[in-house]
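The values are calculated or read from the model by the stated rules, or taken from the named source; none is laboratory data. This one's a predicted model, so the numbers in the text were calculated from it and none came from an experiment. Methodologically, a virtual Cβ is constructed for each residue, glycine included, from the backbone with ideal geometry; neighbour enumeration extends over all protein chains shown.
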Amino acid sequence: MLAVHVNIQVKPECVERFIEATKENAKNSLKEPGIARFDLVQQQDDPTRFMLVEVYRDAEAPLRHKETAHYARWRDTAESMMTVPRSSIKYTTLFPEKETGWRSI
């Protein structure tokens, strides 16, 4: 599996709208067969900073995700709320292993 951490900082006046738009994207993303997990987390000491924790079942799933209408809607809505362009780091998931599967919390 592939894990992606997306770092985002939004304008203070946009925090609530960003959360709403991102929750909607996350709910729809979890319906995609290639997505195992899609979390939105907010930094405790700076509420304008967020991270998306996305876990994909295979290397092609992020490409398929970016072709969905809900992702395009989120991207077009959220980009104007950001103070700087978002950045991401990709990780290879070592545990759980494919054989044991992924359990949602």
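For Ala72, the stated conditions do not hold, so it cannot be described as surrounded by 16 or more Cβ atoms within 10 Å (Cβ to Cβ), closer than 16 Å to Asn25 by Cβ and either out of contact with any strand residue (DSSP E or B) (no Cβ under 6 Å at 6 or more places or on another chain) or at pLDDT 95 or above (or both). Of all residue pairs spaced 6 or more apart or on separate chains, those with beta-carbon atoms under 7 Å, a first member in segment 1-18 that is farther than 30 Å from Ala59 by Cβ and a second member that is buried (at least 16 other Cβ atoms within 10 Å of the Cβ) are Lys11/Met81; Pro12/Thr48; Cys14/Met81; Val15/Thr48; Arg17/Met81. Only one of the numbered conditions (1) among the β-branched types (Val, Ile, Thr); (2) over 13 Å from the mean Cα position of the chain (by Cα); (3) modelled with pLDDT of 95 or more is not met by Thr100, and that is (3). Flag: Pro47 matches the condition of being farther than 21 Å from Lys90 by Cα and either under 10 Å from the mean Cα position of the chain (by Cα) or without any contact (Cβ under 8 Å) to a residue 60 or more places away in the chain (or both). Filtered by the rule that a residue be of a type in the set (Asp, Glu) and surrounded by fewer than 18 Cβ atoms within 10 Å (Cβ to Cβ), segment 31-56 gives Glu32, Asp39, Asp45, Asp46.
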